[in-house]
2 protein chains.
Amino acid sequence: MEFVAAPARLSTADATFEHDFAQRLHWSADTDAAIEQRVADILADVQKRGDAAVLEYTARFDALTAESMIALELTKEELKAAFDSLPAEQREALESAARRVRSYHEAQKKANGESWSYRDEDGTLLGQKVTPLDRVGIYVPGGKAAYPSSVLMNAIPAHVAGVPEIIMVVPTPKGEKNPLVLAAAYVAGVTRAFTIGGAQAVAALAYGTATIPKVDKITGPGNAYVASAKKRVFGIVGIDMIAGPSEILVLADGTTPPDWVAMDLFSQAEHDELAQSILLCPDAAYIDAVQREIDRLLPEMPRKAIIAKSLNDRGALILTRDMEEACAISNRIAPEHLEVSSRDPHRWEPSLKHAGAIFLGAYTSESLGDYCAGPNHVLPTSGTARFSSPLGVYDFQKRSSIIEVSEAGAQVLGKTAAVLAYGEGLQGHARAAEMRLK
Amino acid sequence: MEFVAAPARLSTADATFEHDFAQRLHWSADTDAAIEQRVADILADVQKRGDAAVLEYTARFDALTAESMIALELTKEELKAAFDSLPAEQREALESAARRVRSYHEAQKKANGESWSYRDEDGTLLGQKVTPLDRVGIYVPGGKAAYPSSVLMNAIPAHVAGVPEIIMVVPTPKGEKNPLVLAAAYVAGVTRAFTIGGAQAVAALAYGTATIPKVDKITGPGNAYVASAKKRVFGIVGIDMIAGPSEILVLADGTTPPDWVAMDLFSQAEHDELAQSILLCPDAAYIDAVQREIDRLLPEMPRKAIIAKSLNDRGALILTRDMEEACAISNRIAPEHLEVSSRDPHRWEPSLKHAGAIFLGAYTSESLGDYCAGPNHVLPTSGTARFSSPLGVYDFQKRSSIIEVSEAGAQVLGKTAAVLAYGEGLQGHARAAEMRLK
């Protein structure tokens, strides 16, 4: 079968641009009511019956039967054995990626994660104490979409934050284990690992069972059931963001080899058919050249069917008036991945306000960031980069405000607090402040 | 009518302690299905009909009719007039509180909110850029629970973060405006303000209407409809946490005057009947003394009916074996407000892991923190301090990862990325990395 990948050709100068552009961007996160109900039932059941319910759903959905939950635990020895069994090349790649991800997150912790305080003129102490979470759960998808890099990207920031217990769950349909995933758990410092998945695994982590420890936060990607379960347990535990389809936006000035850009668009499109790849460029001839490279390279790609459908349905090559306009449009999209494929990326970077990760210059392909440059590959999608951030050490820490009012400070603050409290009709608050006055 | 406030008397040495304690702590955030449905309808309607729908619901629910949305905007002049009209005492209290809250959040921004980067040995640049959100919405409750302090606590961190546009909404049932709330908006640096509320205001901020600008994040407390609407629009916009009933935990070694502690318990209980006040103390005689002060002070309190019901239904005075055990129980509760009412609070502070805000020493009444000490009074409730933090400057900023791989760096990273990408079956990723190899 032959495939053609023809992303929409748009031009900002076209009268219909706004309409066509909105059509391309549209993606709705509306979830299936049947999934929501199914997930609600599984959560309630695990909350009530614990291990027994998890075993039952694991047998039913993952075709993996076990006598007891403890039989589904992956031991440290098994994780190490998986690592040892890998070809040297994969072992080294895993270790090298882990090392870089760790360095980056250590820098991040230093930049953001320290407690701080100051004293005011009355000797009153004010500050914040930053502490790691006690225990977190990491959901790792199993089956066909098994991503060992996700293990690194979720476990390492938690580890660097100082979380003492990291519990991994990974479904192993029919008991098939992915050695790269197990080896990644070994390299990343996972504390315990269980071969369970789906809404039942999320429920087990949120509520705890006799065997599975209750965690404080659950992170990691999963299918619609996992996403729905995470949303439902939010509040009982913390969760990371719910990811939509992956996206790349390439902002090109026409100086990068067009086959590099074509392949970068492919590397996003190959994830799945809903993934979105967009090129913004002020040079019409360059856009033609990229389309020619798309045509030339597509037949070589093993995942060409997915790539073609993604590019045809959701891709776009957009001609802009200039680079300034391209930057403005990029800010409206707030893409997950933003490549600034320009000879002078630092000229444009300051005007790029919203993006999960910004890849500067022709050598910085998104795929380097996905695996091993160091920054996290868990990034805000669907325009949520307008208000949210990459997964990081800060997601595995929390802050407590610290206040120690001195006797002198209480004399000043007490009066202010009492006036405002009486103004709000809260006399208990006012009296508590006044009692500290001499 | 006479009121008696008798918080449950528990002792950790009792055989039934675990059971009784669990009963006291239990609070479920399960929401009303009818509210959820009602809110879903309002959101859909505002998304479709914009201003017209908001005007209609404002007339229906707030008994406030207007010809056009613009008539519901509070002008800068009106906010200033509200401020100027206040008694000098209130004006000064508001300004003093705002000044302190601002200083604290400036320190917080400095500690956490700066961009950072480093270069690795190959000259590859790695870092994160921290930027403010473009536009945020602040929900301020109206009617009987009008809290000007909430305006300060939500608007000031946004302002310090550098958010250029802060849009406030506040319902004014029957058109009654609270001058303290308007004055607080004036002092705190609110950009625009509208007299709308409920699910329709949340919808207007999330989707935007002809008049109300679409925001990137919505923060601030509200009733069950507001909470439900915020949960539903999460993902389209960011939201802050959904607050449960307010809580205080006092950890006392018996050295603080017992009437101070009794009033601190009242100051939480007076918020509403679901509020929770708990005392943990290893000294039985001191617990008796606090109960005596509760009995003595209660009749003087204008809100005694609420205080009595809250203490009777949800309060507890818990005798512990020692202060160490009291700290351990505090960590299990993860309270919103934690007072360490001890002569030596710094001895206990390091073992207190989970709390929204920690108030050290007898002079630090929670009410000083609520109004003017500086730290934010929007804090995680219902045990969520295990994984979440006070509202802060960081809630009004987001981060973008920055990566600029050097040509030399691409040679090393490209090989690692390709090995891992082939291992995951993502050939486009692998090829994109390999194309950058010489």
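Bear in mind that the values in this text are calculations on the coordinates, not laboratory data. Since we're looking at a predicted model, the values are computed, not measured. Neighbour counts are summed over all protein chains in view; Cβ atoms, including those assigned to glycine, are modelled from backbone coordinates with ideal geometry.
Tell me the net charge near residue B:216. Cut-off is 13 Å between Cβ atoms, residue B:216 excluded, with +1 for each Lys or Arg and -1 for each Asp or Glu. Walk me through the numbers before you get to the answer.
Values: positive: A:332, A:353, A:386, B:135, B:214, B:217, B:398; negative: B:134, B:165, B:240, B:395.
With Lys, Arg at +1 and Asp, Glu at -1, the neighbours total +3.
Within a straight-line Cα-Cα reach of under 12 Å, residue B:438 can be paired with the following aspartates and glutamates, leaving aside sequence neighbours fewer than 8 residues apart in one chain: B:407. Label-to-label distance, residue B:20 versus residue A:292, with points set 7 angstrom from Cα along the beta-carbon direction: 8.4 nm. For residue B:378, the residues whose modelled amide H falls within less than 5 Å of its own, excluding neighbours fewer than 5 places apart on the same chain, are B:391. Residue by residue, segment B:227-240 carries 3J(HN,Hα) couplings of 4, 5, 5, 4, 4, 5, 8, 4, x, 6, 10, x, 9, 7 Hz when phi is fed to the Karplus relation 6.51 cos²θ - 1.76 cosθ + 1.60 (θ = phi - 60°); x denotes Gly or Pro.
The 3J(HN,Hα) values that the Karplus relation (6.51, -1.76, 1.60; θ = phi - 60°) gives for segment A:427-438 are, in residue order, 5, x, 4, 5, 5, 4, 5, 5, 4, 7, 7, 6 Hz. Gly and Pro appear as x. The mean number of partner chain beta-carbon atoms within 10 angstrom of a residue's beta-carbon across peptide A:406-418 is 6. Here B:402, B:329 are placed in order of increasing Cβ neighbour count within 10 Å, fewest first, which gives B:329, B:402. Among the residues of B:55-67, the average count of other protein chain beta-carbon atoms within 10 Å of the residue beta-carbon is 0. Across peptide A:261-268, the average count of Cβ atoms from other chains found within 10 Å of a residue's Cβ is 5. Within the straight-line cut-off of under 26 Å between alpha carbons, the lysines reachable from residue B:177 are A:415, B:76, B:80, B:144, B:214, B:217, B:230, sequence neighbours fewer than 8 places apart in one chain being disregarded.
Per-residue Cβ neighbour counts within 10 Å put A:271, A:377, A:346 in the sequence A:346, A:271, A:377, beginning with the fewest. Near the amide H of residue A:280, within less than 5 Å, lie the amide hydrogens of A:250, A:251, A:252, A:318, all on another chain or at least 5 residues away, with H placed in the peptide plane. With the simple spin-label model, which puts each label point 7 Å out from Cα in the Cβ direction, the residue A:300 to residue B:117 separation comes to 3.2 nm.
Estimated from helical segments only, the mean residue ellipticity of chain A at 222 nm is -14000 deg cm²/dmol, where each DSSP H run of four or more residues counts as -39500 (n - 2.57). In order along segment B:64-75, phi translates into HN-Hα couplings of 10, 9, 8, 5, 8, 4, 5, 5, 8, 7, 8, 6 Hz, rounded to whole numbers, per the Karplus curve 6.51 cos²θ - 1.76 cosθ + 1.60 with θ = phi - 60° and x for Gly and Pro.
Restriction of the trypsin sites (Lys or Arg not before Pro) in segment B:203-269 to DSSP coil positions whose beta-carbon has at most 16 other beta-carbons within 10 angstrom yields B:214. Of interest is the spacing of the C-alpha centroids, which for segment B:260-335 and segment B:411-427 amounts to 60 Å. Here is how far apart the residue A:67 label points are across copies: 8.2 nm, shortest first, using a point 7 Å from Cα toward Cβ.
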